[in-house]
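*Asks:* Please read through the structure below; I'll follow up with questions.
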There are 2 protein chains.
Amino acid sequence: MIEKATPPPEAIKAWARLMRVSRQLFEQAEEALKESGLPALAWYDVLHELAEAGEEGLRPFQLIERTLFAQYNMSRLLARLQADGLVEKLKVADDGRGQTIRISAKGREMRRRMWAVYGRSIAELVGTKLTAEELEALASLLGQLRFPPADD
Amino acid sequence: MIEKATPPPEAIKAWARLMRVSRQLFEQAEEALKESGLPALAWYDVLHELAEAGEEGLRPFQLIERTLFAQYNMSRLLARLQADGLVEKLKVADDGRGQTIRISAKGREMRRRMWAVYGRSIAELVGTKLTAEELEALASLLGQLRFPPADD
DNA sequence: AGGTGATAAATGCAATTGCATCAATCTTGA
DNA sequence: TCAAGATTGATGCAATTGCATTTATCACCT
């Protein structure tokens, strides 16, 4: 009985490209932010989720679900965001363990400034490299790799 | 004169999927290695390059080119690999600054054991989710995002 | 009500990463 | 030949991350 030694070569190639390209693009986007004197992408992710959540804010565990950060990582990231005045921590009435995180006006402004740079990076790094149809095809293929898979 | 405020929505969606899916898959592959008591993927990348390079080995700066690690990161990673006996550092004759890194027998064995787990992760995480044609399409799209772009 | 296990968030400590800089060698050009 | 600059690799120090554990509260079950 032969044991399968290795995945099919198409899978290996797609995996290798995915790992390499995603890392390269991520680092380029981070570098653009840094060059503009702005915080890292992790901050953007949180500010973005909080901006979408609006005035009622989000609980830290909800942010963790949305952003895939580790719990201890989120805890410290929120502490830094708070120290910079970009978010507020509010006691939540019905759960004494928890808190609600709300973005501040300063946080919204920071998000806006970050998006000016980040959005430009996205436009340059993927928007100019693929057509709209190709971008949709890429998003669809990636969606099938997600767990749970996306159907669009 | 209107300033373009944001990249096209297809670009944003493809970007978001790329960042999220690649991170999720990377973490799942790392977790599988950790559960088997094996080192992180970074170690595999270096051992893989060195195994392909054969007996003459590679210079650290060549490894940096191939793996996209930062220089200080590679320096320390190689020190750890050497401390574990997985690679050897050799003086190089024609350049007194440099060294050549060669994989050891123990390093080859470690790479083999890591591949048994890593390859299985790749098979499960992408091999079973997409057809061969879809995997090739994905690799091709990602190749166009690379710099320099891949043409296949 | 009271005990038990689950959940929310924080934290001490070790390992890793990022940044800046250093030391050593090499290359080039006057 | 030798000074100036570039390249190779390492390292001190601060910031971040990972891991394990802790603290506090909640939910459930008897």
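The values are calculated or read from the model by the stated rules, or taken from the named source; none is laboratory data. Just so we're clear, the structure is a prediction, and the values are computed from it rather than from any experiment. Quick reminder, even Gly has a Cβ in these numbers, built from the backbone with ideal geometry, and neighbours come from all protein chains shown. Keep in mind that these areas ignore ligands, DNA and RNA; they rest on the heavy atoms of the full protein, side chains included. Shrake-Rupley method; radii C 1.70, N 1.55, O 1.52, S 1.80 Å.
*Asks:* Once each part is reduced to its C-alpha centroid, what is the distance from region A:1-55 to region B:44-90 in angstrom?
*Replies:* Spelled out, the Cα-based centre of one part sits 23 Å from the other.
*Asks:* Please compute the average number of Cβ atoms from other chains found within 10 Å of each residue's Cβ in peptide A:141-150.
*Replies:* Going residue by residue through A:141-150 and averaging, the value is 6.
*Asks:* How large is ³J(HN,Hα), in whole Hz, for each residue of region B:91-102 in order, when computed from phi with the Karplus curve 6.51 cos²θ - 1.76 cosθ + 1.60 and θ = phi - 60°, using x for Gly and Pro?
*Replies:* Using θ = phi - 60°, the values come out as 5, 9, 5, 8, 8, x, 6, x, 8, 10, 9, 10 Hz.
*Asks:* Ok, one more. Quick one: buried accessible area between B and A, total over both chains, 1.4 angstrom probe, nearest 100 Å²?
*Replies:* Interface area, both chains combined: 5100 Å², rounded to the nearest 100.
*Asks:* I've got another one for you. List, in order, the whole-Hz ³J(HN,Hα) value for each residue of region B:39-45 obtained from phi through the Karplus relation with A = 6.51, B = -1.76, C = 1.60 and θ = phi - 60°; use x for Gly and Pro.
*Replies:* Couplings: x, 6, 4, 4, 4, 4, 4 Hz.
*Asks:* May I pose another question? Counting only residues 5 or more places away or on other chains, whose amide H sits under 5 Å from the amide H of residue A:104 once H atoms are built in the peptide plane?
*Replies:* Placed amide hydrogens put A:87, A:88 under 5 Å from residue A:104.
*Asks:* Still on this model: Which single residue of chain B puts its beta carbon nearest to the axis of rotation relating B to A, and what distance, in whole Å, does that give?
*Replies:* Closest to the axis: B:22, 2.
*Asks:* How much accessible surface does residue B:55 have with a 1.4 Å probe, in Å² rounded to 10?
*Replies:* Counting only protein heavy atoms, the figure is 110 Å².
*Asks:* From other protein chains only, count the Cβ atoms within 10 Å of every residue's Cβ in A:121-133, then give the mean.
*Replies:* Average per residue, whole number: 5.
*Asks:* Follow-up question, since we're still on this one. From the convex hull of the Cα coordinates of the protein assembly as shown, what is the mean projected area in square nanometres?
*Replies:* 21.2
*Asks:* What number, rounded to the nearest 500 deg cm²/dmol, is the helix-based mean residue ellipticity at 222 nm of chain A, given -39500 (n - 2.57) per DSSP H run of at least four residues and division by all its residues?
*Replies:* Estimated from H runs of four or more residues: -20000 deg cm²/dmol.
*Asks:* Placing the label point 7 Å from Cα along the Cα-to-Cβ direction, what are the distances from residue B:54 to the equivalent spots in the other copies, shortest first, in nm to one decimal?
*Replies:* 6.6
*Asks:* Excluding residue B:105 itself, what net charge comes from residues whose Cβ is under 12 Å from its Cβ, given Lys and Arg +1 and Asp and Glu -1?
*Replies:* With Lys, Arg at +1 and Asp, Glu at -1, the net is +2.
*Asks:* Can you pull out the trypsin sites (Lys or Arg not before Pro) in region A:92-151 whose DSSP state is coil and whose Cβ has at most 12 other Cβ atoms within 10 Å?
*Replies:* Those that pass, being in a loop and sparsely packed, are A:97.
*Asks:* If I compute solvent accessible area with a 1.4 Å probe over the protein chains, what percent of it on region A:9-138 is carbon and sulfur?
*Replies:* Here carbon and sulfur together make up 49 percent of the probe-accessible area.
*Asks:* Can you sort B:131, B:67 by solvent-accessible area, 1.4 Å probe, largest first?
*Replies:* Largest accessible area first, the residues go B:131, B:67.
*Asks:* How large is the dipole of the protein assembly as shown about the Cα centre if only Lys and Arg carry +1 and Asp and Glu carry -1, each at its Cβ, rounded to the nearest 20 debye?
*Replies:* Dipole about the Cα centre, nearest 20: 1080 debye.
*Asks:* Please compute, for peptide B:47-59, the average count of beta-carbon atoms on other protein chains lying within 10 Å of each residue's beta-carbon.
*Replies:* Mean partner shielding for this stretch: 0.
*Asks:* Now, a different point. In Å², what does the accessible area per residue of region B:63-152 work out to with a 1.4 Å probe?
*Replies:* 57
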